[in-house]
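These notes are about the structure you will find just below.
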Amino acid sequence: MRVLLFGLLSSLCVLVSSQDVNMLLKEIDQLRFQLKKAQSSLTKLQNKCMAGQAIPSDFVQFGQSSYKLVTNPKLAYKPAEDYCRTLHPRAHLVTIESKEENQFLRDLMVNDHGTYFALIGGNDLAQEGDWRWISTGKPMQYTNWTPGMPDNSGNYEHCVTMLDSGKWNDLGCDYVEDGFFCEIDPDLSTESILG
């Protein structure tokens with residue numbers, strides 16, 4: 001029985017020439033290329049459709065952007081950024097670019113009664129002391145650090161929280177605060193710097 005089966009397989013192998021194998025491999029490569037191209041087009045189309053989504057009604061507008069203070073669920077930095085993305089494809093942890101914007105966010109915290117600390121989108125994860133925004137990867141131009149901060153206490157404080165005074169403090173990125181701010185910026189890509 002084994003000899004018969006081996007003979008059949010040998011005959012089949014002889015029928016499939018190396019030219020046939022090369023042709024099949026070439027067709028497989030072409031199909032992979034077409035699949036990648038179709039996936040890329042689909043992703044672009046999805047991003048375009050999602051970018052036009054309406055701003056959720058629980059976001060509050062200030063300037064060109066819309067904001068939400070999220071107090072439930074309570075999350076650490078990276079999960080908070082991911083959660084913002086579930087609210088809207090252009091949402092991210094907040095980027096604060098002015099004293100007025102900082103005051104607006106501080107007022108949202110104070111009006112929430114019970115939120116004393118909220119994560120914002122700053123970090124120095126790439127290089128100690130080089131504070132950047134998660135949404136753009138750009139250096140912070142405006143800051144409102146509490147005096148003596150950032151201090152990188154314990155050599156692991158690489159993310160930023162806003163206190164109910166409006167001042168900022170650095171803290172560990174795995175630390176869970178009372179809440180976090182999500183921002184929808186109409187000019188921002190749907191891609192996150194953290195991925």
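In segment 101-195, which trypsin sites (Lys or Arg not before Pro) are in a loop and have at most 16 other Cβ atoms within 10 Å, using DSSP for the loop call?
Details: sites: ARG106, ARG132, LYS167; in loops: LYS167.
Within segment 101-195, the qualifying trypsin sites (Lys or Arg not before Pro) (loop, at most 16 other Cβ atoms within 10 Å) are LYS167.
Among LEU31, LEU163, LEU119, the order by Cβ neighbours within 10 angstrom, fewest to most, reads LEU31, LEU163, LEU119. Length gained on full extension, TYR83 to VAL60: 6.5 nm, using 0.36 nm per residue less the C-alpha separation.
Once backbone amide H atoms are built at 1.01 Å from N, LEU75 has GLU177 as its partners under 5 Å, excluding neighbours fewer than 5 places away on the same chain.
Karplus-based coupling profile of segment 125-137, in residue order and whole Hz: 5, 6, 8, 3, x, 9, 7, 9, 8, 5, 6, 10, x, with θ = phi - 60° in 6.51 cos²θ - 1.76 cosθ + 1.60 and x standing for Gly or Pro. What does the charge add up to near TYR116, with Lys and Arg as +1, Asp and Glu as -1, over the other residues with Cβ less than 11 Å from its Cβ? Combined, the nearby Lys, Arg, Asp and Glu give -4. The slack between LEU35 and TYR116, meaning 0.36 nm per residue of separation minus the straight C-alpha distance, is 24.2 nm. Once backbone amide H atoms are built at 1.01 Å from N, PHE62 has TYR67 as its partners under 5 Å, excluding neighbours fewer than 5 places away on the same chain.
Every number here is computed from the coordinates shown, using simple stated rules; none is lab data. Quantities reported herein were computed from a predicted structural model and do not represent experimental measurements. Positions of Cβ are backbone-derived with ideal geometry, glycine not excepted, and every protein chain shown enters the neighbour counts.
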